[in-house]
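The values are calculated or read from the model by the stated rules, or taken from the named source; none is laboratory data. Owing to the predicted nature of the structure, the values given are computational and were not obtained by experimental measurement. So basically every Cβ, Gly included, is an ideal-geometry build from the backbone, and we count neighbours across all protein chains shown. Surface areas here come from the heavy atoms of the whole protein model, side chains and all, with no ligands, DNA or RNA. Shrake-Rupley method; radii C 1.70, N 1.55, O 1.52, S 1.80 Å.
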Amino acid sequence: MPALSLDHWNVYCKNLDATVRFYERYVGLRNGDRPPFPFPGAWLYAGDKAILHLVSETGRTDHGGGAIDHVAINCSDIRGTLDTIKKDKVPFEVRKVPQRPLQQVFVHDPDGVMIELNFWNEDDVAELEGFDPMTNRAGARKEKGLATAR
């Protein structure tokens with residue numbers, strides 16, 4: 001699985017409007033189109049690329065363990081990646097982004113940092129069976145007890 005590029009970074013914020021204004025005013029990013037996730041947030045763009053995702057603090061518990069919530073990396077070959085993850089018995093979760101041709105695989109590094117592997121325009125994998133993109137929940141399906149349910 002060759003890594004292709006860094007996709008974006010994600011920040012949990014207490015005041016979404018103030019945070020958007022800060023990044024627009026002081027960093028020069030532009031608030032733009034965002035998929036209809038079931039929680040408040042914003043995607044901030046550099047040119048035509050959303051490089052910062054903001055999520056309003058809403059009591060959610062499905063986030064990373066450090067100051068940086070997660071790092072997202074564009075990748076290719078989701079099937080090969082999942083096969084390797086399963087072979088090595090690494091806990092993982094698979095998601096599909098609403099209204100985007102994007103599947104994601106989430107794993108945690110040895111220090112607990114959440115890593116989001118993004119696979120654009122690839123055939124849907126069987127591991128998405130039962131996944132509801134509006135709740136970010138799989139139908140309680142776990143692969144050999146390895147996948148984490150959120």
*Distance in nm between label sites at ALA126 and SER56, each 7 Å beyond Cα in the beta-carbon direction?*
4.1 nm
*region 74-117: percent of C-alpha pairs farther apart than 16 Å?*
37 percent
*With all protein chains present and a 1.4 Å probe, how do ILE51, ILE68 order by accessible area, largest first?*
ILE68, ILE51
*asked:* Could you compute how much accessible surface ARG34 exposes when probed at 1.4 Å, giving the result in Å² to the nearest 10?
replied: 50 Å²
*Pair VAL27, PHE39: separation of 7 Å Cα→Cβ label points (nm)*: 1.8 nm
*Per principal axis, descending, Cα span of region 14-58 in whole Å*: 26, 20, 11
*Protein-only accessible surface order, largest first, of LYS96, LYS89 at 1.4 Å*: LYS89, LYS96
*Roughly how much of SER76 is accessible, in Å² to the nearest 10, using a 1.4 Å probe?*
40 Å²
*Computed over region 11-127: relative contact order in percent, which uses C-alpha pairs under 8 Å that are six or more apart*: 22 percent
